[in-house]
Amino acid sequence: MTPGPTEIPERVREALARPIANPDVNPAFLDTYRSLTADLAAVYSTEKDIVVLGGEGVLGLETAVASTIESGDRVLCVANGLYGEYFAEFVASQDGDPVLCSFPADEPIDPNAVREAIEKAARDGEAFAAATFVHCETPTGTINDLETVLGHCREAGVLTIVDAVSSLGGAPVPMDETDLCIGASQKCFSAPPGLTTLAVSEAAWERIEATDARGLYTDLEPWRDIETTGEFPYTHLVSNCYGLAEAVSMLREEGLADVFERHEASAKRCRELGAEIGLDTDAEEPLCSPTVTAFEVDSALAIQGVLHEEHDILVGTGLADRENDLLRIGHMGYNADVEHVERTMDALEDVLDGSDDWDTGF
């Protein structure tokens, strides 16, 4: 019950065991890839091009920046959490000029403040080439309403890059105003880690083609015509693609509306049961994510250890300096299930009730 990687359904495990079709010479793999991107477009709810790269979700984040940002480009990195701040590091790695527009982790992003920052930069002759956002901040269980702020960026001609790694497939993602939107296989899709997905707008492709990319593996340009040419820039992760294709098919069979409702119901039940045993969430409504809940606790690492040792349930803890202050329950993908949540929270209550008897070795 961690906020990724998640449990993998049996159907996905069976798909992973299929014989491999060599992607470099066998046209059958190209058919698989085309079908996968078409299904992903439906999950993204977009007509934008979809690209699937061989690498964990961080590859998608870095690639989105590396393919669009050149030396000296100013990028507005909008953040109310760790992952929003991490975007600044990707920009700096390309010799770009990251400008943080930060908000407290327990507060929403203010669209007016972002708009003012964009307008001031333009007046000063230092316009932003792009702006980065995080839809779901898993470290604090926060989901951001980005629709308005993305609209401000589009009006100003600022390219938008959105990290939807922990929300895509579990919550609606604001796609209309997004130029590059990144997802990952191991979160709400409940496929193995190893693939990252990107929805790419026409404006993003134009920027990519005009940008002198600094990397090879992180260059999106060779992927634009893949579905026509079938010439992949490297040997793709065939089995991972089989697994993701099955996982996405399962989402489509269920129906996105039902998938989102299932995530909302699981999240609501998780927070209800947490309140019943005296736990507060780090995020407050309407910021609470439907894919992950972060509870404020003392000794999160000890709780995590006992929960795993005594109940065979693994949850996450906080990140960075909050590692021992937060317990994070992932109710995403296959684990967005009320019964899974109830079992987890019953076990957590048992662990907390017996805290006086913990082995200090945890």
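The values are calculated or read from the model by the stated rules, or taken from the named source; none is laboratory data. Keep in mind that what you see is a predicted model, and the values were worked out from it rather than measured. Neighbour counts run over all protein chains shown; Cβ positions are idealised from the backbone, glycine included.
Structure notes:
- Top-ranked residue in region 221-232 [being surrounded by fewer than 15 Cβ atoms within 10 Å (Cβ to Cβ) and not in a helix (DSSP H, G or I); ranked as nearest to the chain's Cα centre (by Cα)]: ASP225
Each row is one residue, and each column tells you yes or no for (1) surrounded by 18 or more Cβ atoms within 10 Å (Cβ to Cβ); (2) under 22 Å from the mean Cα position of the chain (by Cα); (3) on the phi < 0 side of the Ramachandran plot.
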residue: ALA121; (1), (2), (3): no, no, yes
residue: THR160; (1), (2), (3): yes, yes, yes
residue: SER185; (1), (2), (3): yes, yes, yes
residue: ALA213; (1), (2), (3): yes, no, yes
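Per-residue answers, yes or no, for (1) among the β-branched types (Val, Ile, Thr); (2) in contact with a Gly (Cβ under 6 Å, 6 or more places away or on another chain); (3) assigned by TED's automatic domain parsing to the domain that holds ALA171; (4) outside any helix (DSSP H, G or I):
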| site | (1), (2), (3), (4) |
| --- | --- |
| VAL248 | yes, no, yes, no |
| PHE260 | no, no, no, no |
| ARG269 | no, no, no, no |
| GLY278 | no, no, no, yes |
| PRO286 | no, no, no, yes |
| ASP321 | no, no, no, no |
| TYR334 | no, no, no, no |
| GLU342 | no, no, no, no |
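- The set of residues in region 84-113 that are in contact (Cβ under 8 Å) with a residue 12 or more places away in the chain, surrounded by fewer than 23 Cβ atoms within 10 Å (Cβ to Cβ) and part of a helix (DSSP H, G or I) comprises GLU85, TYR86, ALA88, SER93, PRO111, ALA113.
- All conditions in (1) closer than 23 Å to THR196 by Cβ; (2) under 22 Å from the mean Cα position of the chain (by Cα); (3) free of Cβ contacts under 8 Å to residues at least 12 places away in the same chain hold for GLY255, with the sole exception of (1).
- Any hit, region 53-65, residues being within 23 Å of the chain's Cα centre (by Cα) and assigned to a loop (DSSP other than H, G, I, E, B): yes
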